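Chemist: Below is one structure. I have some questions about it.
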Ligand code: OGA
Ligand code: CA
Ligand code: FE2
């Protein structure tokens, strides 16, 4: 862009130079013939040559100055984030940040730090706690994903699991989920229209994978190709049993019929999207020392100003029993202009049709080593391309973590104390949160032996920084010591998340 502009300017300058060179006045001196013949010619030549060179020279200087200004400006922006990151690395707090990040105007100057992956297998040393250096290894670049063994000590892992047990864990997913019918009504599409949208290859038939690509999950139930065939058989829609649906057959497969069949047949926990229990642990003032310490360490790891971490969701602790799993998913959804973030919605003062959790970063901790299975799978990590359709091929659904974890591009083994972290959103190129990273798709593989304990620390940042700024301003205005139980007002907002 800059280059093109530069050369266009240079071209213009040359044209101007050659046309505006003043004609040389006739020579009045009595020079020799050869001089007369050659003299004026060479003189005119050298003058226009000089003008052209000078113009080039000026354009060149202007370009160099512009380039220097650009480099200075962009490195200046990066520098704004550096104190945070360097402080994080050297184990200091973010007190060096030029301005506190809790007020709206300063947010404009903030360029969110983002780790550099360099290449897969690259190891960087990070200083997170006094007297210890951790090693952080790049696991993939798409998504930008790292692992840090020994991030938590054995004692810390134990305390977190015990605190979760004390609080009590709830089912991560209820057996029957409502709301799908309403969605179908709102959809306002005829069966023909839906059929046409699902029929990816437009052959007038719906193959199993064509249905599953769009609706793997029905009422919270994960559908496998076999499930779908069973439903076809139960509802007698696929008369010839070839697994293909014509438009006429598809009409019989109404949302109501689907739901009635599933309810009648009953659902096992293993057929849900997620088969685990979880709870939330508050990490603010008054929380257990270990929880506050983990939050501090996460702040150092990410290099983010502490406000962002302080204002994020509490720690989620998850337990999978033997047979537990979590099919591949995104921790946070795509953000369109009409999408609100859960954490800033209250401050946004506008009603929007969509909402997502805006989890910029996921930090996942393994609280125990699992006897069998239970890896975290990233089915398309560092794939050359991302293609939603090819997630199911030849009846193999890469998102199915009960069956196909072995076909995932990347699997992380759960080891006690290890942390992995990744970015669920790309950078917008200007130091803020950009689009969702589709490659951040991941899931928990089935636990084949023993129990698996993990914890999630999500860092919520609104891709719309004005909304984030307003939100931070709003919570910073709340009185800090209102409640006598030590909880601040904004922590109450987060308790509800
Ligand atoms: C999650 C998650 C992966 C795992 O809890 O969101 O993706 O390995 N967990 O348990
Ligand atoms: Ca088809
Ligand atoms: Fe997840």
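Chemist: Restricted to segment 420-440, and to residues that are in contact with a helix residue (DSSP H, G or I) (Cβ under 8 Å, 6 or more places away or on another chain) and within 15 Å of ligand 1 (Cβ to nearest atom), which residue is nearest to residue 155 (Cα to Cα)?
Modeler: The extreme case among them is 421.
Chemist: Would you mind stating whether residue 403 is surrounded by fewer than 23 Cβ atoms within 10 Å (Cβ to Cβ) and either outside any helix (DSSP H, G or I) or within 16 Å of ligand 2 (Cβ to nearest atom) (or both)?
Modeler: Numbers: surrounded by fewer than 23 Cβ atoms within 10 Å (Cβ to Cβ): yes; either outside any helix (DSSP H, G or I) or within 16 Å of ligand 2 (Cβ to nearest atom) (or both): yes.
Yes; evaluated as a whole, the condition is true for this residue.
Chemist: In addition: I need a count of the residues in segment 209-229 that are touching a residue at least 24 places away in the same chain (Cβ under 8 Å) and near ligand 2 (Cβ under 10 Å from one of its atoms). Spell out how you get there, then give the answer.
Modeler: Residues of segment 209-229 touching a residue at least 24 places away in the same chain (Cβ under 8 Å): 209, 211-213, 216-222, 224-225, 227.
The next check asks that each one be near ligand 2 (Cβ under 10 Å from one of its atoms); those that pass are 209, 211.
Total satisfying the criteria: 2.
Chemist: Here are the criteria: (1) assigned to a loop (DSSP other than H, G, I, E, B); (2) surrounded by 15 or more Cβ atoms within 10 Å (Cβ to Cβ). Tell me which single one residue 340 does not satisfy.
Modeler: Only one criterion is unmet by residue 340, namely (1).
Chemist: Restricting to segment 308-317, give me the number of residues that are surrounded by fewer than 23 Cβ atoms within 10 Å (Cβ to Cβ) and either outside any helix (DSSP H, G or I) or within 16 Å of ligand 3 (Cβ to nearest atom) (or both).
Modeler: Selection size over segment 308-317: 3.
Chemist: Among (1) away from ligand 2 (no atom under 15 Å from the Cβ); (2) in contact (Cβ under 8 Å) with a residue 24 or more places away in the chain; (3) out of contact with any strand residue (DSSP E or B) (no Cβ under 9 Å at 6 or more places or on another chain), which single condition is residue 278 missing?
Modeler: Among (1) away from ligand 2 (no atom under 15 Å from the Cβ); (2) in contact (Cβ under 8 Å) with a residue 24 or more places away in the chain; (3) out of contact with any strand residue (DSSP E or B) (no Cβ under 9 Å at 6 or more places or on another chain), residue 278 violates only (3).
Chemist: Only one residue in 238, 203 is surrounded by fewer than 14 Cβ atoms within 10 Å (Cβ to Cβ) and over 27 Å from the mean Cα position of the chain (by Cα), so which one is that? Walk me through how you get there before you give the answer.
Modeler: Details: 238 fails: surrounded by fewer than 14 Cβ atoms within 10 Å (Cβ to Cβ).
Result: 203 is the single residue among 238, 203 that is surrounded by fewer than 14 Cβ atoms within 10 Å (Cβ to Cβ) and over 27 Å from the mean Cα position of the chain (by Cα).
Chemist: Please indicate, with yes or no, whether at least one residue in segment 346-358 is farther than 30 Å from residue 158 by Cβ, surrounded by 24 or more Cβ atoms within 10 Å (Cβ to Cβ) and within 16 Å of ligand 1 (Cβ to nearest atom).
Modeler: yes
Chemist: Which condition number does residue 119 fail, the rest of (1) at pLDDT 95 or above; (2) not in a loop (DSSP other than H, G, I, E, B) being met?
Modeler: (2)
Chemist: I'm trying to understand the selection: among the residues of segment 348-377, which are in a strand (DSSP E or B) and either under 30 Å from residue 467 (Cα atoms) or without any contact (Cβ under 8 Å) to a residue 12 or more places away in the chain (or both)?
Modeler: Those that are in a strand (DSSP E or B) and either under 30 Å from residue 467 (Cα atoms) or without any contact (Cβ under 8 Å) to a residue 12 or more places away in the chain (or both): 354, 355, 356, 359, 360, 361, 362, 363, 364, 365.
Chemist: Right, another one. Six or more apart or on different chains, Cβ atoms under 6 Å: show the pairs whose first residue is in segment 328-341 and at positive phi and whose second is away from ligand 3 (no atom under 12 Å from the Cβ) and at pLDDT 95 or above.
Modeler: Short answer, once both residue conditions are applied: none.
Chemist: Of the numbered conditions (1) at pLDDT below 85; (2) within 15 Å of ligand 2 (Cβ to nearest atom); (3) more than 23 Å from residue 353 (Cβ to Cβ), residue 175 fails exactly one; give the number of that condition.
Modeler: It is condition (2) that residue 175 fails.
The values are calculated or read from the model by the stated rules, or taken from the named source; none is laboratory data. All figures in this text were calculated on a predicted structure; none of them were measured in a lab. For neighbour counting, all protein chains shown are included, and Cβ atoms are generated from backbone atoms with ideal geometry for every residue, glycine included.
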